[in-house]
Amino acid sequence: MRLRTHLIGATATAAGIAAGAGVGIARQRRAIARRSPGDTPAFGSLRSEPVTVVADDGTPLHVEVDEPDADAATRAPRSGGRLRRRRPPVTVVFCHGYALNLDCWHFQREHYRGRVRTVFYDQRSHGRSGRSPLGNATIEQLGRDLLTVLDAVAPEGPVVLVGHSMGGMTIVALAEEHPELFGDRVVGTALISTTAGGLDPSRILFPMVPTWAGAGMVHRGVSTLARGHRAVDGLRKLGRNVALVATDELAFGDAVPVSYVEFVDRMLSATPFEVVAEFFPGFGTLDKFHAVGVLSKVPTAVICGTADRLTSIGHSRKLHAWVDGSTLLECHGAGHLVILERYDEVNGELDRMLEASGAVEPR
């Protein structure tokens, strides 16, 4: 009965607000569509033969490995960088964020493809990976999943870990559980648009739920709504214009091409609300700043957009302060999806971190 009341309330709220705000939303949606198309990346087109890695609780994880070309040691980078691979080859592992999938790393995958051994995987319950058992959708479990992936596809040689948003939290969880890996097996890290604690979880729900539902109601009733996740998913589909505008406002700082907004919106929309709800409690209880000091043992790049509305720049500045010797790249005016919006700046900072780690050599 309570669930029914919540859903009826959400629908009623939708009708009322949509009537008052529909014209404005439609205007914003048209403005996004009129933007210069800019480049037209083939998002989701970069693929390699999938590998299934089974987590310690039996959840199948979808993993893709891009091997370097045979002549990668002498081949000049595509984007004017200065990287050269050395033996043994480094493996760079990319951990994506909440309600996204491995395709969000499109520009980083393109940048390193053929030059450095890279690993991309879908977090549990995301993308092509299997659904997590009830109760195991936690940041701590994601850290264990990362170690399982490393053991399966990068058992030898140096490893660099790159995490965006929840992916950065995944790296911090691994550092908390296995600090001995850092400075030994792990030779470099990058924490992008992320935090180790102090996050208001209601900020990260949108646009994964209908914005017209109201942050307060969703924050209080997310677990109840999860029990009616199919109905909530249906409401999300009805509010596509609202969701697209919310994605644009909350994921980006600049007026990016509409193809970027639609790409992120597709990833968010493909994540069932049940999954959103399962991970939600862990963000509010996240408190792992005590664990990030171990990252001082390796070159660590902290990257964030100054207009990030989800994990604000203050979180990255705090991480930078807690990780001795780390670098901090603030991308002025960029939003949470800085890996897409300012991919050239992000890739350049990753290049510098890889060189500093000794994982690759300057030409």
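Nothing in this text is a laboratory measurement; each read-out follows from the coordinates by a stated rule. Only a predicted model underlies this, so the values are computations on that prediction, with no experimental measurement involved. Note that we place each Cβ from the backbone using ideal geometry, even for glycine, and neighbour counts take in every protein chain shown.
Please work out which residue is nearest to ARG342 (Cα to Cα), limiting yourself to the range 143-194 and to residues that are part of a strand (DSSP E or B) and β-branched (Val, Ile, Thr).
My answer is ILE192.
Restrict the check to the range 342-350 and report whether at least one residue is over 19 Å from the mean Cα position of the chain (by Cα) and surrounded by 18 or more Cβ atoms within 10 Å (Cβ to Cβ).
No; the residues of the range 342-350 include none that is over 19 Å from the mean Cα position of the chain (by Cα) and surrounded by 18 or more Cβ atoms within 10 Å (Cβ to Cβ).
Only one of these is more than 14 Å from the chain's Cα centre (by Cα) and free of Cβ contacts under 8 Å to residues at least 12 places away in the same chain: PRO133, PRO155. Name it.
The unique qualifying residue is PRO155.
Looking for whichever is hydroxyl-bearing (Ser, Thr, Tyr) and within 13 Å of THR195 (Cβ to Cβ) here; the options are SER326, SER316. Which one fits?
Being hydroxyl-bearing (Ser, Thr, Tyr) and within 13 Å of THR195 (Cβ to Cβ) holds for just one of SER326, SER316, which is SER316.
Any chance you could count how many residues in the range 270-300 are of a type in the set (Gly, Ala, Ser), more than 16 Å from THR170 (Cβ to Cβ) and crowded, with 19+ Cβ neighbours inside 10 Å?
Residues in the range 270-300 being of a type in the set (Gly, Ala, Ser), more than 16 Å from THR170 (Cβ to Cβ) and crowded, with 19+ Cβ neighbours inside 10 Å: 1 in total.
Is it fair to say THR306 is touching a strand residue (DSSP E or B) at 6+ places or on another chain (Cβ under 8 Å), on the phi < 0 side of the Ramachandran plot and hydroxyl-bearing (Ser, Thr, Tyr)?
yes
Looking at the structure I just gave you, is GLY325 in a loop (DSSP other than H, G, I, E, B), without any contact (Cβ under 8 Å) to a residue 40 or more places away in the chain and either in contact with a helix residue (DSSP H, G or I) (Cβ under 9 Å, 6 or more places away or on another chain) or among the aromatic types (Phe, Trp, Tyr) (or both)?
Answer is yes for this residue.
Taking into account only those residues within the range 291-328 that are in contact with a Ser or Thr (Cβ under 6 Å, 6 or more places away or on another chain) and small (Gly, Ala, Ser), which is nearest to VAL160 (Cα to Cα)?
ALA301
Within the range 340-353, can one find any residue that is hydrophobic (A, V, I, L, M, F, W, C) and either touching an Asp or Glu at 6+ places or on another chain (Cβ under 9 Å) or free of Cβ contacts under 8 Å to residues at least 60 places away in the same chain (or both)?
No, the range 340-353 has no match at all.
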